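Worksheet for the structure shown next.
The values are calculated or read from the model by the stated rules, or taken from the named source; none is laboratory data. Only a predicted model underlies this, so the values are computations on that prediction, with no experimental measurement involved. Don't worry about glycine lacking a Cβ; one is built from the backbone with ideal geometry, like all the others, and counts go over all protein chains shown. Calculation scope for accessible area: heavy atoms of the full protein, side chains included, ligands and nucleic acids excluded. Shrake-Rupley method; radii C 1.70, N 1.55, O 1.52, S 1.80 Å.
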Amino acid sequence: MNMPVPLFAAVGTIHGWPINIIRRRNAYFKVSSSMDHHNLSKVKSNSLRVLEWDKLCHSVASFARTSLGRQATKAQLWSLDQTFQESLRLLQETNAAILMHNHGSFNLDLTSVDLAFVESAIKHARRGLPLDANEAMALLFLLQFVEALQLSLKAAIKQDSDWYKEFMPLSEMITQLVVNRSIIKLIQQVIDEDGSVKDSASSALKKARDQVQTLERKLHQLMDKLIRNETKEAALMVASSVDGRWCISSGTDQPTGFKGLLVSSGSGSIIEPLAAVPLNDELQQARALVAKAEADVLLMVTEKIKMDLDDIEKSLRTAIHLDMIYARATYSLSYGGTYPNIFLPEDIDGPLMAEPYRSKDKTSQASNPKKEWIFYLPKAYHPLLLQQHREKLSTARKNVRSAAAEIRRRKMQAENMAVKGEAEIDLSSLQKQVRALEEAPPVPVDFFISQKTRVLVITGPNTGGKTICLKTIGLAAMMAKSGLHVLSSESAKVPWFDCVFADIGDEQSLSQSLSTFSGHLKQISEIQSQSTRRSLVLLDEVGAGTNPLEGAALGMSLLESFARSGALLTIATTHHGELKTLKYSNDAFENACMEFDEENLKPTYKILWGVPGRSNAINIAERLGVPSTIVDNARELYGAASAEIDEVIMDMETYKQKFQELIKESRHYLTMSRDLHEKLLVSRRKLQDLGSQQRYKKMRELSEAAAVARSTLHKKVRQLRTSTMKQSQLSKASKRKLANNYKHATAVENEQQATNMSSSSIQVIKQPQSEKITEFPKVGDTVHVSSLGKRATVLKVDTSKEEIVVQAGIMKLKLKATDVQR
């Protein structure tokens, strides 16, 4: 079914689409030029239809988690009425949602929230009507969703304040919402998770429900008693509730042993026993009391909500908006989209270039494409072809799994060999289908259009992919404008177009008695009248459908007109060789052709830029076995000059292919060198970290050893001083032992102080040999050091070597006994 034209003032919808002008299935595009400015003109509607934009809108909207979100997503995408600044904001929203997804702490999935119930709750509250339990629970889930988002945002900002800026504009959108915790607590107190009002919500409700249970229990006992008393037909009788009143159903129309009111008869009878009538009446009254008590509770909740109705309505609008953003972001993540750098054509070098998607993960940042390109789409995919291939592959794999499960089931049932063999053959064929699909994915194409190009002419064989290329570039332009990521590799650069016009396919109009050729001309004429200097025009097989010479002349004239005063960029496909010559007389033109594999006689679906296409019909005929006389005659009729031109074109194609291979190889080596450089930087950082760790470890070990040595030294000194005070006279052997101990302690201290570069040091001053003295100073005596001209305290006396250790201020000196005076 064709896509309807949406109107924002619509009263109702069909499958989520506005229907205020939709009356007949075939009248979707009959829109007059005098309609509201929100409506799309017929030529624009036809352009969107032939580009299959409606299918892409439906595909993106399917990622929304709520019905209201899906409707809003379709309407927003289909409108294509965004300004440049609005397109920038849409892209920023999509980027922020992707960044939140990658962060891992945010949940934008609204599957658990029924926004339609929330919308109904708001309408009921504004009219003063009580909410039902499902509406109250939907409102509770919405408020909890908003509260969880705010808590996640606060936690992320607390971890790193830069996240607030990274998540803009979603961070601002989320923080502006107001959630009343008292409403959440109230709904949780009175409404159960299954959507029923709790017994504890009010005393009246609990009393009424207890009464209902008591009456139902009495009725069950009464019914059981009456059925047991029926000896003949007891097996055919059963108690059942009819319109809320308990009765006995009998499988026959035979009279019963109890009196009652006949409710219905036929194949059996349903009787309300007279003994149960009063209880049934009381039960009805008790149930009415339960309903009233529940309504009172819900009305109390409604009155509470009415005080915060504006905040709740804002939360609902924001939730729908977030669901739209979630759909765009999830679609981009699912299909591997990349951020498009959009810009206004007149400000290509100005400040209005869209900032690329930034992330704290440097690997995901988009590098700026070269400035010489006005349209830069490396390895771009047609989104619908990619979706179709994924769906086919998923279906094929599912069929393989189902077939394998069926084979296992049949083997377990021990079926005959013929059936097993048939199942195995079927599984093998299904596996071949999966491999075939895996080995033949959609072929991406490169679009590199320079700034000076106004008209691009693409030539190539039928079924070579020219029309797919037109649709791919048109869809990419509209996706970027609508806030979607384009399906290409990094560095996508797309101008912001005010409108995308397309003339593709058979536009024959029987109602206006127009032929195919006339239909194309009428469409192209309307495109030329409505296109601006910011428009993109896509023309398929321009000049086709009439005499080749006239068609070529008309096509050349049309393209020259678009180059002079038409759209910003016009892309046309053609079979007319004359259109390829426009490049050599007008710098605004550029040529490209679809590559053709002459070895296998099939297109490769790749674009060769700067190379005009050539005819392959005669060569294909020769390879297909057409008689040589016919082929030779065709070559003569075709002309030697044309053949020479084809040879030149062939040489150009060969050169272009080699050039592309060299570029691919150089990019490969460049990627390898970048990877090696990154690995070297990582290795250097690891070595630096390891060196720092080793130095720190060594310093720590030295510090610990110094602390141990210092502690030992101080302990020895204290022991030495204590021993000196207690023993005034020491034997010569004892003195020698103490001297040795003290010498060892001093050596340890000297070694430690040398390691830590302490200011204290032990200086050994060598003096000339003098005669031996007979009386040595004692430990603790004060002596005069002649070499320093200072007084010092004796710390140690070594009589065997005639040496003493003294301390003068902070210095410790080892001297000959002759060097000091008492």
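Modelled this way, with points 7 Å down the Cα-to-C-beta line, the labels at A617 and K207 are 9.6 nm from one another. Under a 5 Å amide H cut-off, with hydrogens placed 1.01 Å from N, V486 pairs with T338 among residues at least 5 apart or on other chains.
Remark: the stretch 201-217, residue by residue, has Karplus-estimated 3J(HN,Hα) of 5, 7, 5, 5, 5, 5, 5, 5, 5, 5, 5, 4, 4, 5, 5, 5, 5 Hz, where x stands for each Gly or Pro and the curve is 6.51 cos²θ - 1.76 cosθ + 1.60 at θ = phi - 60°.
Among V242, V146, what's the order by accessible area (1.4 angstrom probe), most exposed first? Let's see the in-between values first.
Values: V242 35, V146 5 Å².
Greatest to least solvent exposure: V242, V146.
Backbone geometry of the stretch 694-706 corresponds, through the Karplus equation with coefficients 6.51, -1.76 and 1.60 at θ = phi - 60°, to 3J(HN,Hα) couplings of 5, 5, 5, 5, 5, 5, 5, 5, 5, 5, 5, 5, 5 Hz, x marking Gly and Pro. Once the C-beta distance of L274 and L309 is scaled by a Förster radius of 45 Å, the resulting FRET efficiency is 0.30 to the nearest 0.05. Distance from the C-alpha centroid of the stretch 175-219 to that of the stretch 774-804: 100 Å, rounded to the whole angstrom. Put simply, when 150-158, 691-699, 533-541 are sorted by average Cβ atoms within 10 angstrom per residue, most first, you get 533-541, 150-158, 691-699. Working from label points 7 Å from Cα in the Cα-to-Cβ sense, the I184 to K154 distance is 0.9 nm.
What does the charge add up to near L690, with Lys and Arg as +1, Asp and Glu as -1, over the other residues with Cβ less than 12 Å from its Cβ? Walk me through the numbers on the way to the answer.
Numbers: positive: R684, R685, K686, R695, K697; negative: D689.
Net local charge, L690 excluded: +4.
Taking 0.36 nm per residue of separation and subtracting the Cα-Cα distance, full extension of the segment from D597 to L680 would add 25.6 nm.
Anything over 26 Å Cα to Cα? Flag those among K42/K583; K392/K602; K44/K580; K154/K493; K42/K580; K74/K606, in the order listed. Those over the limit are K42/K583; K44/K580; K154/K493; K42/K580; K74/K606. Applied to the stretch 75-84, the Karplus parametrisation 6.51 cos²θ - 1.76 cosθ + 1.60 on θ = phi - 60° returns per-residue 3J(HN,Hα) values of 4, 5, 5, 5, 5, 6, 10, 6, 7, 4 Hz, with x for Gly and Pro. Peptides 44-57, 490-503 ordered by packing proxy, namely the average of other Cβ atoms within 10 Å per residue, highest first: 490-503, 44-57. Summing Lys and Arg as +1 and Asp and Glu as -1 over all other residues whose Cβ lies under 10 Å from the Cβ of A276 gives a net charge of 0.
Projected label points at D446 and S161, each 7 Å from Cα along the beta carbon direction, are separated by 4.6 nanometres. Residues whose amide H comes within less than 5 Å of that of V242, counting only those at least five positions distant or on another chain, are C247 (H built at 1.01 Å from N in the peptide plane).
What FRET efficiency would be calculated for the residue pair E216, S105, taking the C-beta separation as r and a Förster radius of 41 Å, to the nearest 0.05?
Values: r = 49 Å, r/R0 = 1.20.
It comes out at approximately 0.25.
Which net charge results for the neighbourhood of A808, defined as the other residues with beta-carbon distances under 11 angstrom from its beta-carbon, given Lys and Arg at +1 and Asp and Glu at -1?
On the way: positive: K790, R791, K812; negative: none.
Value of the local net charge: +3.
Based on the mean of other beta carbon atoms within 10 Å per residue, what is the order of 178-185, 405-412, 280-287, most packed first? Mind showing how you got there, number by number?
Details: 178-185: 14.0, 405-412: 11.9, 280-287: 17.0.
So the order, starting with the most tightly packed, is 280-287, 178-185, 405-412.
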